[in-house]
1. Considering segment 49-87 alone, what residues qualify as being aromatic (Phe, Trp, Tyr), in contact (Cβ under 8 Å) with a residue 24 or more places away in the chain and touching a Cys at 6+ places or on another chain (Cβ under 9 Å)?
2. Which one is nearest to Phe353 (Cα to Cα) among residues in segment 233-256 that are open to solvent by 10 Å² or more (accessible area, probe 1.4 Å) and within 26 Å of the chain's Cα centre (by Cα)?
3. Name the residue, out of Lys292, Lys288, Lys328, that is open to solvent by 30 Å² or more (accessible area, probe 1.4 Å) and assigned to a strand (DSSP E or B).
4. Looking at Ile396, Ile388, Ile377, which is the one that is of a type outside the set (Phe, Trp, Tyr), touching a strand residue (DSSP E or B) at 6+ places or on another chain (Cβ under 6 Å) and either surrounded by fewer than 21 Cβ atoms within 10 Å (Cβ to Cβ) or assigned to a helix (DSSP H, G or I) (or both)?
5. Answer yes if at least one residue in segment 76-98 is more than 22 Å from Tyr226 (Cβ to Cβ), modelled with pLDDT of 95 or more and of a type in the set (Phe, Trp, Tyr), and no otherwise.
6. Kindly evaluate Ser330 against the criterion of being among the hydroxyl-bearing types (Ser, Thr, Tyr) and either farther than 30 Å from Ile437 by Cα or modelled with pLDDT under 90 (or both).
7. If the requirement is being among the acidic types (Asp, Glu) and at pLDDT 90 or above, which of these qualifies: Glu293, Glu222?
8. Please count how many residues of segment 23-56 are assigned to a helix (DSSP H, G or I) and at pLDDT 95 or above.
Amino acid sequence: MKKIAKIFLCLLICILSSCASSKIEKKENLQTVETANSNKKIKPIKYDEKKYQQAYQNRDYETCLGMLLNKTKKNADIRDNLDLGMLYFLTGDYAQASAIFEKADAQMYDSITKSVTRTIAKTVGNENAKEYTGNVYEYLLVNTMNSLCYYLQGDLNSAVNQLTKLSDLKLPEYRRLYGEVIISDEMDPSAKEEYKSSLKSLKSYSIDSSVFSSAAPKKPTEKDVYKESALARYLSLILRQADGDKSQIDSDFMVLKSLIKDLDSDDAKIPRGQGRINVLALGGLIGKQIEKELYFPSKSTFFYVPTGNSSYRLLPVQFKFVYPFYEKKSTVTGIDVIVNEIGSKKAVLIENFNTNLEKSVALRASKEYSASMIRSISKKVSALVAGIASIHASYIGMQKLARSKVAYTLAYASFVGLCESTKVGLSAIDLTETADIRQGDFFPETVNAAGFTVPAGHYTGKVVYRFSDGTVSEKKFETDVKEGKPSLVVSSCIK
């Protein structure tokens, strides 16, 4: 451990906080600044959804963290812990971030290995009522971010252990369980029978259900399955070398070369007599899914179903189906790294988490649309059958009272009220149908990297972030480089 500590003292721990302005800042000792940030205690703040969303839009991560701490003080689920971990990370408290990521990791591993089949196949309940197991990339990203947390605390050994756990245990298990299940078209048997029965009922009401399936999102393919984390591989390549472990250099580099076209070969083999500056830049904030709604016949039209043997009243029926949707957008347009008196490079894209989110949504959209369709049709048909029976019985009873004006008037009022309440009840079913758009909200949009082969010595530089709205932000860094070793600089501008 003493040897590891000595090695790690040669590595830079770079501050990860809010973005610097586009103006050049005064030079600061980054290690001193980081220590100050990590010692700042964020206290719980009364949670207010509107203010929380406003803080999110303003990228006010301290306020988001304070409110989320208050909201989750009694219980934090997987999604809560993903957000808490990232918020601690973004506010510079890497020890707390690591502790939270450890909890999220245990929760996700337990959930995905014990209940993934049940979770994916279930169609009876609303998607949001299911246990949240995490989006596909989050299951692996939690270890990658935890590795960075340990690294930024000076614990290189634990940082490497997180990557080993990911590559040797979690990735193979994930591929076996999650990837296979999500591609399958299997439906819960009981739900399947109920769905078939509901379709027969729709046919008896002269409702053509074939249009429902024709509007479904396209089914996922193997290309949509998240199979490898380029960021984890990159960190494994760099941090293992920093830790003196060269056993996986060739395998890590081979996989990275298949994922990243412009990867520098010096990352795998530092030239004799030289050292290496590797700058890892986390830029932008991951996008958000939205709920996509489809109405049949359309949002403003209805099917009309007769009430029993009499067409005295027609019930308007509309079907609403939902699924998650994500339209990929990019806010990071470029990241440049400048090392003073050495040169500058365009940082190469290591991993785009908006792309990962897009794939995650593609994996779920078709299946969740089908589940929504089954739930909505089953609930509507059940309500229709019960409503029609009640309306028909009320109508027959009202007719029997035709000779008594007073009794008939009262029965008619009751009949009309029943018809209206049935309509309202049918419409209310749609309110319960919502898409599952849960996700961790505070991961970066992109992770880029640039490397420089340099002699041993002390170096300063900056990372320049460029965004689609025209803003430019700069983050300064400094690091000490030892011969034969990589020095990892971690920079962040999550905006």
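1. Tyr56 - this is the single residue of segment 49-87 that is aromatic (Phe, Trp, Tyr), in contact (Cβ under 8 Å) with a residue 24 or more places away in the chain and touching a Cys at 6+ places or on another chain (Cβ under 9 Å).
2. Checking each candidate, the answer is Arg233.
3. Every option except Lys292 fails the conditions.
4. Ile388
5. Within segment 76-98, one or more residues are more than 22 Å from Tyr226 (Cβ to Cβ), modelled with pLDDT of 95 or more and of a type in the set (Phe, Trp, Tyr).
6. no
7. Going through Glu293, Glu222 in turn, just one is among the acidic types (Asp, Glu) and at pLDDT 90 or above: Glu293.
8. 8
The values are calculated or read from the model by the stated rules, or taken from the named source; none is laboratory data. In this text the structure is predicted, and so the values were computed from the model without any measurement. Cβ coordinates were reconstructed from backbone atoms using ideal geometry, including for glycine residues, and neighbour counts include every protein chain displayed. Just so you know, the surface numbers come from the protein's heavy atoms only, side chains and all, with ligands and any DNA or RNA stripped out. Shrake-Rupley method; radii C 1.70, N 1.55, O 1.52, S 1.80 Å.
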